[in-house]
Structure formats: C-alpha cells, structure tokens
Amino acid sequence: YTLWDLWIDTHVTGPLRRPGRTLNKVLDRYDEEIAFYPDVPRIIHETSGRSHLALCSRTHAPDLAREALRLLLVPPPPDSSEEPKPAIDYFPHKEIYPGSKIKHFMALHKKTGIPYDQMLFFDDESRNREVETLGVTFILVTRGTTHKLFWDGVEKWRNKQAVATVNE
C-alpha cells in the first residue's frame, strides 16, 4: 500500500496482463486492477534522473511484483512528447524478496555505495521503521503515497541532513 492499493503477494493472481497500451493499469487473472496511486507517476518524473530510485519489498511473490512493474506503463509528464515507459525502467535498484528491510538496505548500500544517512524510505508498514537503526530516514505511508507526503518526507530528510552538518 505504498505505491499501489494492494499487497502483490496476497491480492493478486497471475498471470498479469496490460490491456493494449493502457497507462498505469495492469490486470490479474481475475481482472483485479494494479495501478500506481494517482500522484506516483508525477513523483517518479520529478525525481527520475535527479535521485537514485530503488524498490525494497519483502513480498513473497517477487516474480509477480517484477512482472507488474514490467507491464505497468508510467504516463509521460504532462505536455511531453515522451513515450510511456515501463515502471521497472525508473528503478535501477531493486531488492524484492522476503526478509527484513535491514537486509534489503544492507544489500542496496553494498551495491550502490550510497551511505545509509543519504537514503529516504517510504513504506506502509511501521515495523519497517527498523531501517532507522542503519541511519535511513523512514516515512510511514498510511493512505498511499501522495505528492505532499513525498515532499514532506524529502523535507524531513533535508532537515536531518542539516542537523548532521551542524553537529559535525
């Protein structure tokens, strides 16, 4: 319930399909819809190329999650001549497998070299706040990721950076 209104391993049954070139919509075997929350494509466009975007999921259906991300077409920015792109193309870093988010972030750090205190993590499960022990900034998503929640989270991360700089 962070990027879309479901848990891929409990609400979705494969195979998945996209009706034609439909944007931001994939259907499962029983026509259940998988789509990003309305503000997510805008957030992706505002951050893509300016930040390292990653996915960390403890799902027990990693192949299904990747399939959904391959099929889900992100609409281009408004007033753009760009073609829609698969969601998975916006996330070069993916840690999608069962297990603790600590494990996900340790793997992400090892692969990218990005310090934990430079990471910002949005998630719908409060138990995943455990990543704060590594230095990651955690934002709890209670009703889906919105534009306001996202930028409020960025502001929280920036304020944390400012405090760290002052204390050094």
Any residue at all in region 133-150 that is free of Cβ contacts under 8 Å to residues at least 12 places away in the same chain and not basic (K, R)? no
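Residue-wise test of (1) in contact (Cβ under 8 Å) with a residue 24 or more places away in the chain; (2) of a type in the set (V, I, T).
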| position | (1), (2) |
| --- | --- |
| Y1 | yes, no |
| P19 | no, no |
| T22 | yes, yes |
| V26 | yes, yes |
Evaluate region 120-132: report whether one residue or more is open to solvent by 60 Å² or more (accessible area, probe 1.4 Å), of a type outside the set (D, E, K, R), more than 30 Å from E32 (Cβ to Cβ) and at pLDDT 95 or above. no
Can you tell me which residue in region 40-50 is nearest to N24 (Cα to Cα), limited to those that are open to solvent by 50 Å² or more (accessible area, probe 1.4 Å) and outside any helix (DSSP H, G or I)? G49
Looking only at region 54-77, decide whether some residue is more than 28 Å from G14 (Cα to Cα) and either in contact with a Pro (Cβ under 8 Å, 6 or more places away or on another chain) or modelled with pLDDT of 95 or more (or both). no
If D31 satisfies all but one of (1) open to solvent by 70 Å² or more (accessible area, probe 1.4 Å); (2) part of a loop (DSSP other than H, G, I, E, B); (3) at negative phi, what's the number of the condition it fails? (3)
Filtering region 151-168 down to residues that are free of Cβ contacts under 8 Å to residues at least 12 places away in the same chain and of a type in the set (S, T, N, Q), which residue is nearest to P41 (Cα to Cα)? N159
Would you confirm whether or not region 3-21 contains a residue that is in contact with a Lys or Arg (Cβ under 6 Å, 6 or more places away or on another chain), surrounded by 17 or more Cβ atoms within 10 Å (Cβ to Cβ), in a loop (DSSP other than H, G, I, E, B) and at pLDDT 95 or above? no
If only one of E67, E95, E46 is of a type in the set (D, E), in contact (Cβ under 8 Å) with a residue 40 or more places away in the chain and within 22 Å of F150 (Cα to Cα), which one is it? E95
When K94 is evaluated against the numbered criteria (1) closer than 19 Å to I139 by Cα; (2) in a helix (DSSP H, G or I); (3) among the charged types (D, E, K, R), which criterion, by number, is the only one it fails? (2)
Residue count for region 141-152, restricted to those that are assigned to a helix (DSSP H, G or I) and crowded, with 17+ Cβ neighbours inside 10 Å: 2
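One line per residue, one yes/no per condition, for (1) open to solvent by less than 40 Å² (accessible area, probe 1.4 Å); (2) of a type in the set (V, I, T):
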position	(1), (2)
L73	yes, no
P84	yes, no
I88	yes, yes
K94	no, no
G99	yes, no
K103	no, no
M106	no, no
K110	no, no
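Yes or no, residue by residue, for (1) under 13 Å from the mean Cα position of the chain (by Cα); (2) part of a helix (DSSP H, G or I):
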{"site": "G99", "(1), (2)": "no, no"}
{"site": "I102", "(1), (2)": "no, yes"}
{"site": "F105", "(1), (2)": "no, yes"}
{"site": "H109", "(1), (2)": "no, yes"}
{"site": "I114", "(1), (2)": "no, no"}
{"site": "F121", "(1), (2)": "yes, no"}
{"site": "N128", "(1), (2)": "no, yes"}
{"site": "V131", "(1), (2)": "no, yes"}
{"site": "I139", "(1), (2)": "yes, no"}
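The values are calculated or read from the model by the stated rules, or taken from the named source; none is laboratory data. Predicted model, so just to flag it, every value in this text is computed and none were measured. Cβ atoms come from the backbone with ideal geometry, glycine included; neighbour counts cover every protein chain shown. Quick note on the areas: whole protein, heavy atoms, side chains included, nothing else; ligands and nucleic acids left out. Shrake-Rupley method; radii C 1.70, N 1.55, O 1.52, S 1.80 Å.
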